[in-house]
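Beneath this line is the structure, given in structure tokens, with notes to follow.
The values are calculated or read from the model by the stated rules, or taken from the named source; none is laboratory data. Predicted model only: the values in this text are computed from it and were never measured. Don't worry about glycine lacking a Cβ; one is built from the backbone with ideal geometry, like all the others, and counts go over all protein chains shown.
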Amino acid sequence: MTIYEALKTDHDKVKGLLNTLVSLGEGDEKQFASVVEQIRDELIPHSRAEEAVFYNSIREVNTAKDLAWHGYEEHMAAETLLRTLQAADKVDVQLNAVARELKSALEHHIAEEEGKIFSAAQHLFTEEEAVTMAEAFEGLKPKVKEGNIVQTTLDMVANMMPPRLAAPLRTFIYHA
Ligand SMILES: [Fe+2]
Ligand SMILES: [Fe+2]
């Protein structure tokens with residue numbers, strides 16, 4: 001499996017969950033909260049591992065670096081919407097609007113990744129590197145899964161920092 005296939009498998013899962021989420025109506029509070037949690041459990045490990053393995057490999061070779069930064073911005077925007085949904089205690093019109101906003105933000109983000117970012121990366125990495133990245137990506141995801149909001153946010157910040165500066169932050173995150 002290549003990194004492209006691994007990422008796309010996750011993207012398809014998230015898209016399916018988003019479709020379920022926006023189809024829920026008023027009175028479906030419990031199910032709404034449960035689907036939001038399922039999205040969280042797919043999206044956060046995916047995004048952190050994608051940043052650490054895929055985006056940062058792109059930044060390392062220094063071409064298409066702007067595409068990776070743009071991806072980070074979109075991760076941040078999506079996670080802000082996700083937190084709004086996690087914090088809400090009942091489903092109302094406003095919440096459904098936030099759910100639809102999250103759906104369209106993520107559909108846009110996924111389309112950009114599978115389009116522009118994948119094709120840039122396919123020029124930068126060999127097939128063998130794409131397979132190695134998939135293994136690293138799948139290995140990293142379970143480690144992110146249990147993290148709380150503070151930890152996963154600090155993780156994102158660490159992913160964005162130069163490795164030399166990120167090391168002390170990672171030590172803090174995992175030993176605090
Ligand atoms: Fe992705
Ligand atoms: Fe992403």
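For this structure, a couple of remarks:
- Any hit, the range 141-155, residues being surrounded by 11 or more Cβ atoms within 10 Å (Cβ to Cβ), hydrophobic (A, V, I, L, M, F, W, C), more than 16 Å from ligand 2 (Cβ to nearest atom) and under 15 Å from the mean Cα position of the chain (by Cα): yes
Residue-wise test of (1) part of a helix (DSSP H, G or I); (2) under 24 Å from VAL98 (Cα atoms).
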residue: HIS11; (1), (2): yes, yes
residue: GLY27; (1), (2): no, yes
residue: LYS30; (1), (2): yes, yes
residue: GLN38; (1), (2): yes, yes
residue: GLU51; (1), (2): yes, no
residue: PHE54; (1), (2): yes, no
residue: THR63; (1), (2): no, no
residue: HIS70; (1), (2): yes, yes
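- Any hit, the range 40-52, residues being under 19 Å from ALA105 (Cβ atoms) and either over 16 Å from the mean Cα position of the chain (by Cα) or away from ligand 2 (no atom under 13 Å from the Cβ) (or both): yes
- Residue match in the range 47-70 (condition: within 14 Å of ligand 1 (Cβ to nearest atom) and farther than 24 Å from VAL131 by Cβ): yes
- Some residue of the range 37-56 being modelled with pLDDT of 90 or more and more than 27 Å from ARG170 (Cβ to Cβ): yes
To keep it simple, each residue is scored yes or no on (1) of a type in the set (Gly, Ala, Ser); (2) at pLDDT 80 or above; (3) touching a Gly at 6+ places or on another chain (Cβ under 8 Å).
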residue: SER119; (1), (2), (3): yes, yes, no
residue: GLN122; (1), (2), (3): no, yes, no
residue: THR126; (1), (2), (3): no, yes, no
residue: LYS143; (1), (2), (3): no, yes, no
residue: ASN148; (1), (2), (3): no, no, no
residue: ALA158; (1), (2), (3): yes, yes, no
residue: LEU169; (1), (2), (3): no, no, no
